[in-house]
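Asker: If you scroll down you'll find the structure; I have some questions about it.
The values are calculated or read from the model by the stated rules, or taken from the named source; none is laboratory data. All of these numbers come straight from a predicted model, not from anything done at the bench. In this analysis, Cβ positions are derived from the backbone assuming ideal geometry, glycine residues included, and neighbour counts consider all displayed protein chains. Only protein heavy atoms, including side chains, enter the accessible area calculation; ligands, DNA and RNA are left aside. Shrake-Rupley method; radii C 1.70, N 1.55, O 1.52, S 1.80 Å.
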Amino acid sequence: MAELIGGLGTSHVPSIAMAIDKGLRESEEWKPFFDGYTPAQEWIAEKKPDIAVVIFNDHGNSFFLDRVPTLALGVADEYRPADEGWGPRPIPTFEGASEFAWHLADRMVEGHFDPMLCRELDVDHGMQVPMELVFGRPEAWPVKVVPILVNTIQYPIPTPQRMWELGELLRQAIESYPTDEKVVVLGTGGLSHQLQGARAGFINPEADREWVAKIGADPARYRAMTREEYIEEFGSEGAELIMWLVMRGCMDAEVKTLHKHYFAPASMTGAGMVLLENAG
Ligand code: DHB
Ligand code: FE
């Protein structure tokens with residue numbers, strides 16, 4: 001049977017991609033941020049997962065406002081990096097775990113989550129950046145991927161509670177796959193930011209620090225919060241954090257937080273990560 005080896009939550013801010021592309025990894029501004037990911041890179045290099053299930057939102061690159069799926073699942077054999085306005089970035093194409101993804105599709109529909117099924121999909125920074133943060137810039141990605149996309153752009157977005165329940169269902173789906181793949185789940189987005197409206201530029205480092213400290217050991221409050229409370233506390237785009245709940249819902253009630261990291265640069269976005277393993 002396939003095994004869930006861990007869960008990782010991380011921001012997917014596009015300026016991280018820009019920093020990598022410009023070779024700024026070791027610069028004074030960026031080194032403290034990237035260094036925070038070294039333990040996760042070491043963990044993943046040691047554990048060698050076969051498949052990464054990546055929970056993220058598209059940002060108007062593959063789905064525009066004319067058609068917005070609340071939930072979408074990639075079942076393709078490959079995913080190209082999306083062109084976000086400057087041409088596709090020079091990163092490898094992602095290889096899809098399509099058979100495994102069709103199994104997830106079956107289990108999701110049986111469990112009353114009905115995703116849009118994508119046989120063709122370009123993936124934007126929502127998936128690219130987390131993959132680069134944990135795998136670096138390889139010639140070929142060392143895992144196959146399953147993209148799961150959540151609408152966090154066009155209201156109404158799904159509820160935090162529903163995202164947690166999706167995680168619980170994905171856990172069962174992963175563990176009912178008949179062969180022995182090792183699976184890691186990446187929940188992406190956040191941390192606090194607001195890119196629009198009267199509060200544009202809003203970040204909340206205090207709430208972000210509490211999030212990375214508590215999402216492993218004490219997540220009950222975050223599951224119970226309303227969408228409006230997410231927006232109030234984390235900003236309109238910080239509500240992307242509901243996608244970490246899918247990852248957290250996959251995990252046991254008791255988890256070990258192996259590593260956490262938070263970075264609030266002088267910018268528009270609080271950025272952070274957690275790495276979780278089941279305690280049992
Ligand atoms: C920005 C975009 C994102 O999708 C995100 O999650 C954080 C920040 C940005 O454009 O700054
Ligand atoms: Fe985003």
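Asker: What is the number of the single condition among (1) open to solvent by 10 Å² or more (accessible area, probe 1.4 Å); (2) in contact with an Asp or Glu (Cβ under 7 Å, 6 or more places away or on another chain); (3) within 30 Å of F113 (Cα to Cα) that I20 does not meet?
Answerer: Among (1) open to solvent by 10 Å² or more (accessible area, probe 1.4 Å); (2) in contact with an Asp or Glu (Cβ under 7 Å, 6 or more places away or on another chain); (3) within 30 Å of F113 (Cα to Cα), I20 violates only (3).
Asker: Collect the residues in the range 204-240 that are touching a strand residue (DSSP E or B) at 6+ places or on another chain (Cβ under 6 Å) and surrounded by fewer than 22 Cβ atoms within 10 Å (Cβ to Cβ), keeping them in residue-number order.
Answerer: R209, V212
Asker: Check S27, S62 and return the single one that is open to solvent by 20 Å² or more (accessible area, probe 1.4 Å), of a type in the set (S, T, Y) and either within 16 Å of ligand 1 (Cβ to nearest atom) or within 24 Å of E175 (Cα to Cα) (or both).
Answerer: None of the other options fit; the residue is S62.
Asker: Continuing with the same structure: What residue, of A105, A72, is part of a strand (DSSP E or B) and of a type outside the set (K, R)?
Answerer: A72
Asker: A follow-up question, please. Checking Q194 against (1) more than 30 Å from K48 (Cα to Cα); (2) within 16 Å of the chain's Cα centre (by Cα), only one condition comes out false. Which one?
Answerer: (2)
Asker: Taking the criterion of being β-branched (V, I, T), under 21 Å from the mean Cα position of the chain (by Cα), assigned to a helix (DSSP H, G or I) and within 16 Å of ligand 2 (Cβ to nearest atom), would at least one residue in the range 3-18 satisfy it?
Answerer: yes
Asker: If you don't mind, there's one more thing I want to ask. Taking into account only those residues within the range 253-278 that are under 24 Å from I44 (Cα atoms) and open to solvent by 50 Å² or more (accessible area, probe 1.4 Å), which is nearest to ligand 1 (Cβ to nearest atom)?
Answerer: K260
Asker: Moving on. Output the number of the condition that T159 fails; it satisfies all remaining conditions of (1) more than 16 Å from ligand 2 (Cβ to nearest atom); (2) of a type in the set (V, I, T); (3) open to solvent by 50 Å² or more (accessible area, probe 1.4 Å); (4) closer than 21 Å to D83 by Cα.
Answerer: (4)
Asker: Next question, about the same structure. Picking from R80, R89, which residue would you name as being within 16 Å of ligand 2 (Cβ to nearest atom) and open to solvent by 20 Å² or more (accessible area, probe 1.4 Å)?
Answerer: So the residue among R80, R89 that is within 16 Å of ligand 2 (Cβ to nearest atom) and open to solvent by 20 Å² or more (accessible area, probe 1.4 Å) is R89.
Asker: Right, next: Suppose we filter F56, F34 for residues that are hydrophobic (A, V, I, L, M, F, W, C), within 16 Å of ligand 1 (Cβ to nearest atom) and open to solvent by less than 70 Å² (accessible area, probe 1.4 Å); which single one remains?
Answerer: Unique residue meeting the criteria: F56.
Asker: Something else now. Here is a list of conditions, (1) more than 20 Å from the chain's Cα centre (by Cα); (2) loosely packed, with under 15 Cβ neighbours inside 10 Å, and Y177 meets all of them except one; can you say which number that is?
Answerer: Answer for Y177: the failing condition is (2).
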